[in-house]
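Bear in mind that the values in this text are calculations on the coordinates, not laboratory data. Computed from a predicted structure; not experimentally measured. Using ideal geometry, Cβ is built from the backbone for each residue, glycine included, and neighbour counts are taken over all protein chains shown.
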Amino acid sequence: MAPKAQLTIDMDATLAAEFAAATRSARTSETEVLRAMVRDYVERQNVPEAYRSFVEAKVERGRADVTAGITQSAEDVEREFSQLRNRLIDTGQQ
């Protein structure tokens, strides 16, 4: 069996009471819910370094584009691609 550890958290009393009520309603324990949440968080943080670097680089490029003023609104992009889709449909190039 793996060694045990304890984690103590401080939270607003109202939130703690609501959490206790929610776990009772779900017929589970606060410990089980917290354990599952921690496990899920750790798994989501465990991404390959290559992917993390890829995403960080994309974010930086996006920020640079915003700073340089070379962005388009979602509405403009949708309008442009809607026109393109319609042209392709009209010419039969689906």
Test: residue in region 59-81 that is surrounded by 10 or more Cβ atoms within 10 Å (Cβ to Cβ), polar (S, T, N, Q) and under 30 Å from residue 45 (Cβ atoms): yes
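Can you find a residue in region 6-24 that is assigned to a helix (DSSP H, G or I), under 20 Å from the mean Cα position of the chain (by Cα), surrounded by 10 or more Cβ atoms within 10 Å (Cβ to Cβ) and among the small types (Gly, Ala, Ser)?
In the first step, residues of region 6-24 are kept if they are assigned to a helix (DSSP H, G or I); the result is 13-24.
Subset that is under 20 Å from the mean Cα position of the chain (by Cα): none.
Checked against the condition, which is being assigned to a helix (DSSP H, G or I), under 20 Å from the mean Cα position of the chain (by Cα), surrounded by 10 or more Cβ atoms within 10 Å (Cβ to Cβ) and among the small types (Gly, Ala, Ser), region 6-24 yields no hits at all.
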Conditions: (1) surrounded by 11 or more Cβ atoms within 10 Å (Cβ to Cβ); (2) in a helix (DSSP H, G or I). Residue 51 meets all but one. Number of the miss? (1)
